[in-house]
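Below you'll find the structure, written out as structure tokens, and then a few comments.
The values are calculated or read from the model by the stated rules, or taken from the named source; none is laboratory data. If you're wondering where the values come from, they're calculated on a predicted model, not measured in any experiment. Positions of Cβ are backbone-derived with ideal geometry, glycine not excepted, and every protein chain shown enters the neighbour counts.
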Amino acid sequence: MEHTALIYVMVLTAAADSKMGDAELAMIGEIVRTLPVFDGYDPELLPRTAEDCAEILSGKNGLDTVLKLVTDSLPEPLRETAYALACDVAAADTSISQEEARLLQMLRHSLGIDHLIGAAIERGARARFQRI
């Protein structure tokens, strides 16, 4: 369930502004294929997991339901990882919309991420995705 929760965080972030851009989708795929936290996860399951998240989101209280699922599924050490993944997805298309910023705030609160730690994670994502 931990892999699913991490993917839900990324899908939630990508869908925050009602459009999942190619850069965001590519970032999710790359993260799942390359980061150690996804060792043992079959990337072929990614499309179905993303669809499951979208289905929950489209239901009544979908956002709250996904946030609760994520928070309940992730142990404390993976909560900062989840927030970092969300920030990377949000930064992937070079601009963070107001909707994405609001979602990141809600996610930070839901996961219990300290404000200073959250700011450091956000700054790291901005630095990684800076363009010349």
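Here are a few things to note about the model shown:
- Residues that are assigned to a helix (DSSP H, G or I) and either among the polar types (S, T, N, Q) or touching a residue at least 12 places away in the same chain (Cβ under 8 Å) (or both), drawn from segment 91-110: Ala91, Gln98, Glu99, Glu100, Arg102, Leu103, Leu104, Gln105, Met106, Leu107, Arg108, Ser110
- With respect to the conditions (1) within 13 Å of the chain's Cα centre (by Cα); (2) within 22 Å of Glu99 (Cβ to Cβ); (3) in a helix (DSSP H, G or I), Leu78 falls short on a single one, namely (2).
- Output for segment 101-117, where each listed residue is of a type in the set (A, V, I, L, M, F, W, C) and buried (at least 19 other Cβ atoms within 10 Å of the Cβ): Leu103, Leu104, Leu107, Leu111, Ile113
- In segment 6-28, the residues that are among the acidic types (Asp, Glu) and either outside any loop (DSSP other than H, G, I, E, B) or within 13 Å of Cys53 (Cβ to Cβ) (or both): Asp22, Glu24
- Unique match (being crowded, with 21+ Cβ neighbours inside 10 Å, in contact with an Asp or Glu (Cβ under 6 Å, 6 or more places away or on another chain) and closer than 21 Å to Ala26 by Cβ) among Ala125, Ala86, Ala91: Ala125
- Summed over segment 29-73, residues that are within 16 Å of Met106 (Cα to Cα) and either of a type in the set (A, V, I, L, M) or assigned to a loop (DSSP other than H, G, I, E, B) (or both) total 7.
- Failed item in (1) over 16 Å from Met10 (Cα atoms); (2) hydrophobic (A, V, I, L, M, F, W, C); (3) assigned to a helix (DSSP H, G or I), with Ile113 passing the rest: (3)
- If you filter segment 1-57 down to residues that are of a type in the set (D, E, K, R) and modelled with pLDDT under 90, you find that the one that is nearest to Glu122 (Cα to Cα) is Glu24.
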